Structures are given as C-alpha cells and as structure tokens.
Amino acid sequence: MIPITTASRVDGRLKVTGGARYAAEFAPAQDNVLHAVLVQSTIAAGRVASIDTARAKQVPGVVAIMTHENAPRIDLGKAGDMTPGFPLLQDDRVMFNGQHLAVAIATSFEAAQQAAQLVELHYNRDEATLLMSDNPTGTSVPQRFRNGMRPPASTRGTPQASFDAAAVKIDQIYRTPIEHHNPMEPHATLAEWQGDRLLVHNASQSVFGNRKALAGFFGLPEDNVRIVSPFVGGGFGSKGVSWPHITLAAMAAKLVGQPVKLVLTRRQMFTSNGYRPKTVQHVRLGADRDGRLTAVLHDGISQNSAYGEFSEPVGLASEMLYSCPNVAVTHRLSKVNQGLPTFMRAPGEASGVYALESAMDELAWALGMDPIELRLKNYADRDEHEDKPFSSKTLRACYEQGAAAFDWKRRVAQPRSMRDGRLLIGLGMATATYPVNRSEAAAKVRLQADGTAIVRCGSQDIGTGTYTVMAQLVGEHLGLPLDRVRAELGDTALPQAPVSGGSQSVASISPAIREACLAVRAQTLQLAAGDPASPLHGLDPEELDVADGRILQSAEKSRGETYQALLARQGRAAIEADGSAKPGEEKQKFSMHSFGAQFVEVAVDPDLGEVRVRRHVGAFAAGRIMNAKTGRSQMIGGIVFGMGMALTEATEVDPRSGRVTNATMADYLVPVHLDVPEIEVIMVAEQDDAVNPLGAKGIGELPTVGTAAAIANAVYHATGQRIRDLPIRPDKLIDGLSI
Amino acid sequence: MTIRNFTRREFLRDTAATGGAAAIAGSGGKAWAVPAAADPPVPTQHRVTIRLNGTERALQLDPRTSLLDALREQLYLTGTKKGCDMGACGACTVLLDGKRVNACLVLAARLDGREVKTIEGLADGDQLHPLQAAFIEHDGFQCGYCTPGQIMSAAGLLNEGRPLDEHSIREWMSGNICRCGAYPNIVSAIRQASGRA
C-alpha cells in the first residue's frame, strides 16, 4: 500500500476527465440563465456625463443594461472591512481606467458581448494621477496597515546613527512592478435569487467572506446567502476578497429577476480583481568589516488606489530575518488612479525579500564574503523584533542541504568568471521566509453505515490539495482507505472555515477535522465495547484501535469487526461529530515562521541579454508536510511563480490614459513549459510542537519568496550587472553586456 | 474535406461578415468602435452537424459562437476550459480532426462534418487514457483548470511524430499555460505516457 502521505489527489480523476465543475459551469435549476458582460471605463478619472443604451438594447436577446442610473441600491456599510466598496454602480464617479460602468445582460453570451460594445459612455474628465511617487514626497502613511493590527513603521536601536557610522554600507533603491495573479480560471459568478434568498456559485478563495459581503450589501441575514465553490481554477490571492463583479452579478440577477452568469474576460481581469502593487524600496545595510550587520533600514512605498487602501508590507521580513540591533522599517502609500491592489502570493515577502536579499548579496560582494557565510554570520536565533523565541527555525539546515544538493562550492566567486561556451553562467542564492498563520475553523465528520466517511468543512481547494488533506486526516484517524472517504468543501452550508490565503488552510482546518475524527472514533469504540454482540464487548475503549475499516483490539488485531457490522447491529445510519479549533496562546509565546533557501543557476546570452534559469534547488523547512506529493508540487509551483516575477512579469500602464496595455496572456508573460527547468525541492525535516496541533506551518507562499532575489543574484554573478528593477528583461541587461 | 486551422484573418473576415466586428474589438464601449448608423444585426442561425467524441451532434448556432462556447454553453461539455478566449493560454485545446486547436479560435458554424474530440471523450469508458492516469500519478496539475487542455494538447503531440525528449515536450507544450506551475510534473507525465519515461 502506498503510504498515505504520498497519496495522489483524491480529486485527480475529476480533474483529468473534465468532470470537475468550476463556478461558470453550473446551471440553475431551470435553464433560464442570462449572460452578463461588463462595460468598463476608458478614462482614468472623472464622472459619467451620460450613458446611451438605446443601440445596445436593440440587440436581439438583450434583457437589460444595468448602469448606475438603474442599478439596485445596496448598503455599502456592512460588507466588511476587507470588501472593496467600489465600483458598484452606485454613483457616477470614475476613479480608474477599466472601471465597471455598466453590465449588459442578454440571453446569450454573444448577444451580451455585442450589447456591451454598443453602450455609449460620455464623460466629464478630471485630471488623473497615473505615476506613483518615487520618494516619500507626496506619499501618505497607511491608516489600516495589516488591518490595523500593527503600526506601519518600527524602530529598534539607533538605525540611522549606526548606518552612518558603519564601516561597510549598501544604500540602494529596488523596484518591483505591478503583477497580476492571472489564475487560469477567469473570475466567474452565477447568481440566482430565490425570493429573498441568494444562491451564488463563485470562483472563490473565501466562501464565508463572500457570504458576509453579499449579506451586507443586500441587507440580508447571512443565512439567506449561500456561496458554492467546489473547484477553483487558481487564485493566488485574486479570489480572496469579494470583488465588485460578484456583487454586480447578484444585482443584475435582482434587476432582471432571472439567474445571471458573469464571467470576467481575461482583459477585464487586469482591472477587476486586484494586483500586486508596484513598489519602490530604499534598503540600507550597514556592517562591520567582519560582516556583522550593524544597521538595517528598509523604507517601502507601494502604489495604492484613489479609493480604499491596500498596503504592501514589504519590510516585515527585514525586521526579523537577521540578527541586528539597529533596525528601522517604514511603509508608505502613493495614490494613483488605478484599481485597488490586493494580496498576491506571498504579499509583502515576495517583493520585500527580493529587495533585502539583493542588498545582502551586494553586501557580500562589498565584503568579499560568501553569500551563505554572510547569512550565517547574521543568523537570528530568536525574533529580535518581537523579542520572542521562534517556535522552530531550521534555516541552517536549509542552507546546508540546499547548498550540498546544488553543489554551491563549485561556484567561482568572481562575476563573469563561469561560462558554458558563449553563455555566461551565474549562481545565486537567497533566503526565503513566510509567517505561519492560522484562524478559527470548524468541521463535521460522519462515519456511515456502509463503512464510508464524509468530512465536511467550508474551506476551499484552489489547487492546494485541501480535498486530499481532509480525506487523509479522516483516513488516518478512522483507519479508512482514501477511496472510502469523501471530502466536501467550498460551500457556506458546511461548517465555517477561513479564507484560503496566507498559507493557513491546513493549519486552520486540520485541528478541527482531527477533533471531529477523534470524537467519532471515541463514540464508535465506546459503542463496540458496550455492545454485547460485538467481539470487542467488555474491553476498555482504551484498548481498542481502528485500522483498515475495522475496530479492533490493539493487542490482538484479529479480534474486531467492521464499522458496517457495528452500525448495522446498532441500527445506526451514521456516527457523526463536530469539531472546531482556534489558535491558542502560541502566538503570544512564539514567533512562528517557515524558512527556506533558494539556489539558482542561470545562463545569460551575452549578445541578446536573455536570461534562462537552468537549474533551481529550493530547501524548505515548514514543519510537518501533510502530503509529500502535493506538497512538492506546491513548492515547485511557488518557485515557478517567483521565476515569472524575476524575469518576465510586469503589468504595463499607459502613463497618459492609465490603461493597461498588456492585458492579455500573450503580452503579460507568465512562465511557460519551456521557461521551467529541472526544479529540485528538499523538504527539510522539522518538528514544531508549538505552532499548532499538527505541527504543519503551510507551504503555499514560502517557495515564491527569495526566488526573484536568487535569480537577480545569479544574474549579477553571471554578468557583473546588478538589476534592481524587476523583471530582469533583456533590455535592462543588453547595454552592459556589450563591453 | 480540408483539414486546416483558422487563421486570425479568416476569423476576422468571417466574424465581420456576420456584422459582429464590433463584438471582437475589445471592451470599452466607446462610440468610435461601432460602425456608424449600423443597426444591431440579427444573427441568422446556422445548422451544423459535428462528430463529437464519436457521436453525431446537430447544432443550431449563432454564427459568432466559438467552438469553445458551443461546447460549454450549448452542449454542457464543460471539461474544455475558457482561460483567455483569445488563443493565448491553451486551456481550451481540443482535437479537431485529430489535430490540436484552441477551441476559442474556431467558429463552430464552420465545423459541419468535422470531428471534434474533447477531454470527455478521451477515456475508454471507465478506463483512463494513459495520459490521464499519468497526470494523476505525477501530480501534473494543482487547480486542474488548465489540465484538460494540457492533456488534449499532449494527446495531439503524441500523434505528431516529433521527438519526445524533455526539451521537445517543453517546446511543443509551451502553448499550454499552467499558472500553478506544474510544468515539471506535466513533462514527467507525458514522458511516461509516451512510453519514454
């Protein structure tokens, strides 16, 4: 039997046969669904002067054109702090190019598309701000940094004075561009009203978040709103909050009194559902001649919208990653006329660690020190920002095992010293870190008379393997093979679970599922021990165990019976229990993070400036890995995400109109097959008894962190050119190469 | 019967012929994008019969309907995925007369008498196609949304008589984007299914 921890995905068969159904693929009970297509602004700031829908309404099949003039009024005050309250067709303001201004609703997709084209918009234009500030002038301090949970700036020691006095200094600006998540599944919402009840199929990373938002907007009790999202075609943060198109679909369905399906086009996904904001980061490092850090200063500015607030927390890793007595971090915002940014895979760390770990590489060169040695010299044995011990930290082993697998010692330190024929070869490394998150969650487990079990939890599986981990937990605790466990998720009719974000799903839901399993198991063992007809009658439940679908005596495993036999005799259809779990005191006692080390080999074409990643080794310590197969996949995927960030991905905005000029998958370049070489991931063993009952820290985001810095550092090693402005495209390298 | 893919030029010409040029001009809704004084046209319905996964299917179609939308919205075969609707991501890859095409770039009304195979028609009853089994074994997906396109593209590739070393597979699968980054596992799965792993 395959050990359960390397089991294939339980939803694999559905996904390879086309049987997995995503939000846009459901049909309402009566086949009367209407199609909605959004109409978006073509200016970046102003007001809608008038909307002419006469020609659009002539399109055969058009049912309605919804604009701010006829849209249902909604309550903007109760949808929750995390929910964008704009643009929802409640007024005539235009705040960015690509803003929703109308919705064409028709009996076919083709008719809705055509009608959307025929909506005529006339504007009164205002002056738009389209370029973010490059320095603190004109920026502002975030008002709700990290949801108001901490201040946007921190200082310990005397950072400025220590930096001024440092023997060796690095003082550089690093820039990261706007990036878009681009999940393969476009955001889709199918909304259906049944009286004052609302049923919504939605591509969602947070069904309960969507429920809260829609209940708030429409003034309904939360129980009147049901969100269903059994399969999600990737999210990476973009399906985390309740973006306006979800609400617009429900408003459209209300307006026309029929179910409405609204699917964003790929182009619309560049202005409708957030993005990783552009950042300008000023990093200053001071060190003594031996390489001991004496000062770390990290000042970040991130782009924000003209409405709402999202702040990219670029400096948080700089507070704790290295041992240093003098550290200062600030975060500021620069408002422009673009949509609201949002969380994107490893928000804060992906951008911030690129800057910090590039600067550390620059410091290693300035000191003439090996980059790993510099990091070991400044290794933090405790979190000096929070002044707490780490619940676990196995970063040293990540450096060692990663370096050994990568054969780091073959690296010749001098830049431009390694070649393969005419290609310049470079080796680079960087540290990865990501915090451990956890939220309250609930679950229900039901052991049925036919010897199968169902586990229910309103979490989401966005490709992360949640279905599989849920089934595994039940299999482990009830002694059932995976094909006898059914996992149900992605539905607000199930017990409540948090957003699939912050790498927290496993850490949050597993303890709840475990508790429900243990309760079912205890009831079952007690039933067997108390049943005179059971072969286990009279034994202490403590002496009993479960395995292979049976209840048995631990000391004499042949003595026992199947679940089916017990439940049939007892006349029970099922044994069911609830479980719930929430974080305890651990966060007060410990600093909890996962860590890793990234190693990259690049080849740079000296004539073309093209960078190809040839090899990548990532070593990660993230506590218990629940499933080695799906875990490895997630780590590889995180690294690939970082490769795109490093080399190709950037959303380009026309500085005159504010329009995204590369809003297609042919122009916004995510990695494709040919861009991705051999990737080796090492799961560094780590036991953490403090972090949560399962000791699992989460791995969804960690492998993205540090990848871009490792590549940038490898490019420097290959070429002698330090690129401090992502992505590292040929145009940034080519001039310096032709020497 | 001519077997060929549509070019972008043909697509534009055919769409324009039905009066729908504005419908593919991108979003925005500005008046300049619309032909002056043209009343919204009434599309005529086209009847075609295609052989879909081995079965004759008669369809009545708006001439602007892509094969992708015909599959998903009319036939409820939602295994073929819409990722970009402009031929850039490969999620909608199906086999048209045995060759892989992006279903979003093919007008369904022009497929009379043609043979289409989708992910739903790949397995032999309950017996998965070797590619499908290999994708599960090698975990060649995460969210699963690009997966039908990846598998159908690989099924097309296996029939193209190309070398199937790792580099060639990467090259010839590069039209199928996987944002979850399952590429190394997909390559392993295709290698195995091709008998070369």
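The values are calculated or read from the model by the stated rules, or taken from the named source; none is laboratory data. Only a predicted model underlies this, so the values are computations on that prediction, with no experimental measurement involved. Cβ: placed from backbone, ideal geometry, glycine included. Neighbour counts: every protein chain shown.
Of note:
- Those residues of region A:124-182 which are in a helix (DSSP H, G or I) and farther than 25 Å from A:Cys324 by Cα, in sequence order: A:Asn147, A:Gly148
- Flag for A:Pro230 being surrounded by 24 or more Cβ atoms within 10 Å (Cβ to Cβ) and either in a loop (DSSP other than H, G, I, E, B) or among the aromatic types (Phe, Trp, Tyr) (or both): no
- Check on A:Thr719, among the polar types (S, T, N, Q) and surrounded by 24 or more Cβ atoms within 10 Å (Cβ to Cβ): no
- Subset of region B:150-174 [facing chain A (nearest Cβ under 9 Å) and in a helix (DSSP H, G or I)]: B:Ile151, B:Glu166, B:His167, B:Ile169, B:Arg170, B:Glu171, B:Trp172
- Taking region A:382-425 as the range and being assigned to a helix (DSSP H, G or I) and closer than 17 Å to A:His616 by Cβ as the test, the residues that pass are A:Cys398, A:Tyr399, A:Gln401, A:Gly402, A:Ala403, A:Ala404, A:Ala405, A:Phe406, A:Trp408, A:Arg410.
- For the condition in contact (Cβ under 8 Å) with a residue 12 or more places away in the chain, surrounded by fewer than 20 Cβ atoms within 10 Å (Cβ to Cβ) and either assigned to a helix (DSSP H, G or I) or out of contact with any Gly (no Cβ under 6 Å at 6 or more places or on another chain) (or both), A:Glu357 does not qualify.
- Some residue of region A:584-598 being without any contact (Cβ under 8 Å) to a residue 24 or more places away in the chain and closer than 30 Å to A:Gln526 by Cα: yes
- When the residues of region B:123-146 are filtered to those that are assigned to a loop (DSSP other than H, G, I, E, B) and of a type in the set (Phe, Trp, Tyr), the one that is surrounded by the most Cβ atoms within 10 Å (Cβ to Cβ) is B:Tyr145.
- Residue, farthest from A:Val660 (Cα to Cα), within region A:64-99, restricted to residues that are of a type in the set (D, E, K, R) and without any contact (Cβ under 8 Å) to a residue 40 or more places away in the chain: A:Arg73
- Sole residue being more than 30 Å from A:Asn692 (Cα to Cα) and surrounded by 15 or more Cβ atoms within 10 Å (Cβ to Cβ), chosen from A:Gly560, A:Gly549, A:Gly571, A:Gly579: A:Gly560
- Scan of region B:175-197 for residues that are part of a loop (DSSP other than H, G, I, E, B) and farther than 24 Å from A:His616 by Cβ, ordered by number: B:Ser194, B:Gly195
- Residue under evaluation A:Phe590, criteria (1) closer than 28 Å to B:Gln150 by Cβ; (2) under 26 Å from the mean Cα position of the chain (by Cα), criterion not met: (1)
- When region A:74-107 is filtered for residues that are of a type in the set (S, T, N, Q) and either under 25 Å from the mean Cα position of the chain (by Cα) or surrounded by 24 or more Cβ atoms within 10 Å (Cβ to Cβ) (or both), the ones remaining, listed by number, are A:Thr83, A:Asn97, A:Gln99.
- In the set (1) within 11 Å of chain B (Cβ to nearest Cβ); (2) of a type outside the set (Lys, Arg); (3) over 30 Å from B:Gly79 (Cα atoms), the condition left unmet by A:Thr17 is number (3).
- Filtered residues of region B:46-63 (kept if out of contact with any Lys or Arg (no Cβ under 9 Å at 6 or more places or on another chain) and either among the small types (Gly, Ala, Ser) or closer than 21 Å to A:Glu25 by Cβ (or both)): B:Thr55, B:Asp62
- Qualifying residue in region A:634-643 (condition: part of a loop (DSSP other than H, G, I, E, B) and either out of contact with any helix residue (DSSP H, G or I) (no Cβ under 9 Å at 6 or more places or on another chain) or of a type in the set (S, T, N, Q) (or both)): no
- Selection from region A:144-162 of residues that are farther than 25 Å from A:Phe236 by Cα and touching an Asp or Glu at 6+ places or on another chain (Cβ under 8 Å): A:Ser154, A:Arg156
- Which listed residue is outside the structural domain of A:Lys629 (by TED's automatic domain parsing) and in contact with a strand residue (DSSP E or B) (Cβ under 6 Å, 6 or more places away or on another chain), from A:Val455, A:Val469: A:Val455
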